Amino acid sequence: MSGSAGSLLHLSLLELSEALAARHVSSHEVTEAALSRIAETDGRLGAFLKVTAERARAQAAAADERAARGRRLGPLDGVPLALKDLFLTRGIETTAGSRILEGFIPPYDATVVERLDAAGAVLLGKLNMDEFAMGSSTENSAFKPCRNPWDLSRTPGGSSGGSAAAVAARQAFGAFGTDTGGSIREPAAFCGVVGLKPTYGRVSRYGVVAFASSLDQVGPLARTVGDAAALLQITAGRDDRDMTSSPRPVEDYGAALEAGAAGLTVGVAREWLAAGVDPGVAQRVEEALATYARLGARIVDVALPHTRYGIAAYYLIAPAEASSNLARYDGVRFGLRAGAEGGLRAMYGETRRRGFGLEPKRRIMLGTYALSAGYYDAYYLRAQKVRTLLRRDFDRAFERCDVIAGPVSPTVAFRLGERVDDPLQMYLADVFTVTCNLAALPGLSLPCGLHPTEKLPVGLQLIGRPFDEATLFRAARALERELGPLPAPPEISA
Amino acid sequence: MSLSVEEVRRIARLARLELSPEEERLFQGQLSAILDYVEQMKELDVSGVEPMTHALAGEAPPLREDLARPGLAPDEALANAPAREGTCFKVPRIIE
């Protein structure tokens, strides 16, 4: 990346927004710079499934026209963003990373897409992901692997791996992903960007391909805390088309952003820093805690004793709900149809055999088993009760603190291929992220330095009270201001 | 806990999945390992614990007015259909 067009791409989203407002730069210039960057780097990175260059150019031109008339629509007007390929985009193929939806052209936009469009954002394209958001490495994409910009032999995490990689590699100024068990926070941690899973119900899921409906939530990935706050601000809030979206008013996330760490109480679950966590990851998290203490926060120990049952509950609830949600892919209304000549039953079987990859099949099998006659009480119902116990742990902890801090993942980014043959090992790495989804709480992943020996980003996870994203942003910003930005990842040669 | 191949086939039938013999063997082992792992939930005493059936804890979901609103036009709704006839999705014959 060289020259002034390249350096534009190193601006944060909010810095770019100021430059656009001051008309020091045009949306046309920055959109062309981003498209060139994608063209130069994505052959090796694999973050994009589809680049929507024409639409981006048209949106940029419209943004520049508004800017010229002094009618910018707000901070996102003219800013190039990208979306995980799980968000329905009217007229633009949406695959959810699956062959079964290859060629599917949605007839409507997701609410998030509508809101970004109304805010003037420029859509660069649709991002790579694990098939149906099932995975922690983006290796389950039916189309191609995505790589980590810090080390191309490693995964970017998943399932929103394309989103995290694109933002880290300066291909886009921000992105949206979804998080069912860590799918925003883990890739954000692996790629060294900020990722937020908001409270369940904070952002509308209308038009987002469903995975596990009691856990799924939409959220932003960005290079700074302020950028993530700006992206949530535009997309949060009640939507009549999503029954589960909350009517609570959306706070002004910018207002408390710079309030600092003094006066905050940070809870630490010691069991989250014990055995099983890479020592280098634990070290960076401990240092972050020490920094909070130095900045005037009070650090208290909290107990989350049911964390260790989180994975078991999650890997029953999520597959059970997925097996139900994925029943719609049957070759009747959209997507792939195969085997119709053999009759209806053969069509269902053949369509799903050819259309689904191994991971969705595995989860459909697990979920179908957990919900089948005679097993429901022992599995799904029991898991829902464990969920209540987990939530109670957090409710008790939040009587004593404002945020809970710990690692996002027990390790830094792992290598492609390292865990694909052992799904249980892959699942176990989600131990610190699934709890947030099960308890319906907001969780933020913040880069807290590079691993001391592996030189890869480490993510600090901050978990907040329900609908208290503002305090998460405040706490994250306090640390970000102190640590300074991560260096950019190494240059990706063409 | 160990699943038999017959159980794997029964679940696949319920899920309308056609599995290859390799997939059957693979899933037999993997699902057994996962089910072994989730057994640890049994250590917990959950008697008297309410299941969390609603993730928006403590919030009654608001209901909208029951009013007709514009939806997708038939052609839009059918645009991705693998086969259609008029304004219907066309499927293979079900009743002989």
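What follows is calculated from the coordinates using simple rules that are stated; it is not laboratory data. None of the values given here were measured: they were computed from a predicted structure. Methodologically, a virtual Cβ is constructed for each residue, glycine included, from the backbone with ideal geometry; neighbour enumeration extends over all protein chains shown.
Averaging sequence separations of C-alpha pairs under 8 Å and six or more residues apart, then dividing by the length of chain A, give the relative contact order as a whole percent.
RCO, chain A: 18 percent.
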| said: Residue by residue through segment A:24-35, what is 3J(HN,Hα) from phi via Karplus (6.51 cos²θ - 1.76 cosθ + 1.60, θ = phi - 60°)? Round to whole Hz and write x for glycine and proline. | reply: 6, 8, 9, 4, 4, 4, 6, 5, 5, 4, 5, 5
| field | Long-range amide H partners of A:GLY125 with built H, under 5 Å | value | A:THR52, A:LEU83
| message | I'd like the Karplus ³J(HN,Hα) series for segment A:69-74: coefficients 6.51, -1.76, 1.60, θ = phi - 60°, whole numbers in Hz, and an x wherever there's a Gly or Pro. | response | 8, x, 10, 4, 7, x
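By DSSP, what percent of the beta bridges with both residues in the protein assembly as shown are antiparallel, rounded to the nearest 5?
Details: 32 of 46 bridges.
Percent antiparallel among DSSP bridges in the protein assembly as shown is about 70.
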| said: Taking θ = phi - 60°, what integer Hz values does the Karplus form 6.51 cos²θ - 1.76 cosθ + 1.60 yield along segment B:62-74, in sequence order, with x for Gly and Pro? | reply: x, 9, 8, 4, 7, 10, 5, 9, x, x, 5, 5, x
| field | Placed amide H near A:THR199: partners under 5 Å, 5+ positions off or other chain | value | A:PHE467
| Of the lysine pairs in the protein assembly as shown, how many meet both conditions: Cα atoms under 16 Å apart, and a spacing of 8 or more in sequence or different chains? | 8
| said: Return the equivalent ellipsoid semi-axes of chain A as a descending list in whole Å, where each equals the square root of 5 times an eigenvalue of the C-alpha gyration tensor. | reply: 31, 30, 21
| field | Residue among A:GLY459, A:ALA413, A:GLY195 farthest towards the positive dipole end of the protein assembly as shown, charges placed on Cβ | value | A:GLY195
| query | So which residue, out of B:ALA12, B:ALA79, B:ALA60, gets the largest mean-square fluctuation from a GNM of chain B using Cα contacts under 10 Å as springs? | reply | B:ALA79
| Sequence ranges A:90-102, A:388-400, A:121-133, ranked by mean other-Cβ count within 10 angstrom, highest first | A:121-133, A:90-102, A:388-400
| Ratio of Rg to Rh over segment A:123-278 (Cα coordinates, Kirkwood Rh, two decimals) | 0.98
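Taking N as the number of residues in segment A:214-317, what value does Rg over Cα atoms divided by 2.2 N^0.38 Å take?
Numbers: Rg = 17.6 Å, N = 104, 2.2 N^0.38 = 12.8 Å.
Against the empirical 2.2 N^0.38 Å value, I get 1.37 for segment A:214-317.
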| remark: Taking only the alpha carbons of segment A:386-464, the radius of gyration and the largest Cα-Cα distance, Dmax, both in angstrom, are 14.5, 43
| Nonlocal amide H pairs with A:SER409, under 5 Å, H built at 1.01 Å | A:GLY459
| Sequence of B:LEU26, A:LEU438, A:LEU221 once ranked by neighbouring C-beta atoms within 10 Å, starting from the fewest | B:LEU26, A:LEU438, A:LEU221
| field | Label-point separation in nm, A:ALA373 to A:GLN283, each point 7 Å along Cα→Cβ | value | 5.8
| query | Taking only C-alpha pairs under 8 Å that are 6+ residues apart, what is the relative contact order of segment A:253-364 in percent? | reply | 23
